[in-house]
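Okay, so here's the structure we're looking at.
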Amino acid sequence: MSSGGVVGLPGRHPRTGGPMDRMIFVNLPVADLGAASRFYTGLGFRLDERFTDEHAACVVVSDTICVMLLVPPFFAQFAPTPVSDPQRTTQVVNCLSASTRDEVDDLVRRAVAAGGTEYREPQEDGGMYGRSFTDIDGHAWEVMHMAA
């Protein structure tokens with residue numbers, strides 16, 4: 001795929017002509033697409049129905065971040081190597097920023113209430129405060145607030 005610009009460089013914004021913010025699409029294999037969709041909408045995120053069907057659900061985290069929930073056979077089409085089991089191994093920890101410490105705590109509380117688990121003890125280092133959780137499939141997430 002191409003954004004219309006040089007490979008490796010962001011494309012141009014269609015209205016302003018300035019540089020366009022890069023987007024990130026985090027692709028996750030999920031055992032039960034409906035349950036995973038409910039988990040992420042329970043965190044306060046929304047589904048983009050244009051990119052949601054029986055194989056995938058697009059969770060909009062922000063204007064520049066989407067989580068693509070993919071049923072395993074569909075996910076496997078994009079991965080030429082064996083797909084790891086997030087219940088047994090950690091391949092990546094995705095980190096989201098938060099505006100406040102309370103927002104960190106709230107998002108982790110919602111994750112646990114929706115069926116996730118707290119991944120490790122809260123971390124505090126100077127002006128940084130973070131907590132972690134896993135989703136219902138075992139994918140690890142960290143939520144971090146950095147004081148100004």
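Could we say that E103 is at pLDDT 95 or above and surrounded by 14 or more Cβ atoms within 10 Å (Cβ to Cβ) here?
Considered against the rule, which asks whether it is at pLDDT 95 or above and surrounded by 14 or more Cβ atoms within 10 Å (Cβ to Cβ), E103 comes out as yes.
So which of F39, F75 is in contact with a Leu (Cβ under 8 Å, 6 or more places away or on another chain) and in a helix (DSSP H, G or I)?
Exactly one residue qualifies, and that residue is F75.
Return the residues of the stretch 78-124 that are of a type in the set (F, W, Y) and in a loop (DSSP other than H, G, I, E, B); say none if nothing qualifies.
F78
Could you please find all residues in the stretch 107-148 being among the β-branched types (V, I, T) and either in contact with a helix residue (DSSP H, G or I) (Cβ under 9 Å, 6 or more places away or on another chain) or modelled with pLDDT under 95 (or both)? Break it down into steps so the answer makes sense when it comes.
Looking only at the stretch 107-148, we keep the residues that are among the β-branched types (V, I, T), and these are 108, 112, 117, 134, 136, 143.
Of everything in the stretch 107-148, those that are among the β-branched types (V, I, T) and either in contact with a helix residue (DSSP H, G or I) (Cβ under 9 Å, 6 or more places away or on another chain) or modelled with pLDDT under 95 (or both) turn out to be T117, T134, I136, V143.
Counting only residues that are touching a helix residue (DSSP H, G or I) at 6+ places or on another chain (Cβ under 9 Å) and assigned to a loop (DSSP other than H, G, I, E, B), which one in the stretch 18-31 is farthest from Q77 (Cα to Cα)?
Only one residue fits best here, namely A31.
Read through the list (1) assigned to a strand (DSSP E or B); (2) of a type in the set (V, I, T); (3) farther than 15 Å from V30 by Cα, then give the number of the only condition that V59 fails.
The one condition V59 does not meet is (3).
The values are calculated or read from the model by the stated rules, or taken from the named source; none is laboratory data. This is a predicted model, so every value here is computed, not measured. Note that we place each Cβ from the backbone using ideal geometry, even for glycine, and neighbour counts take in every protein chain shown.
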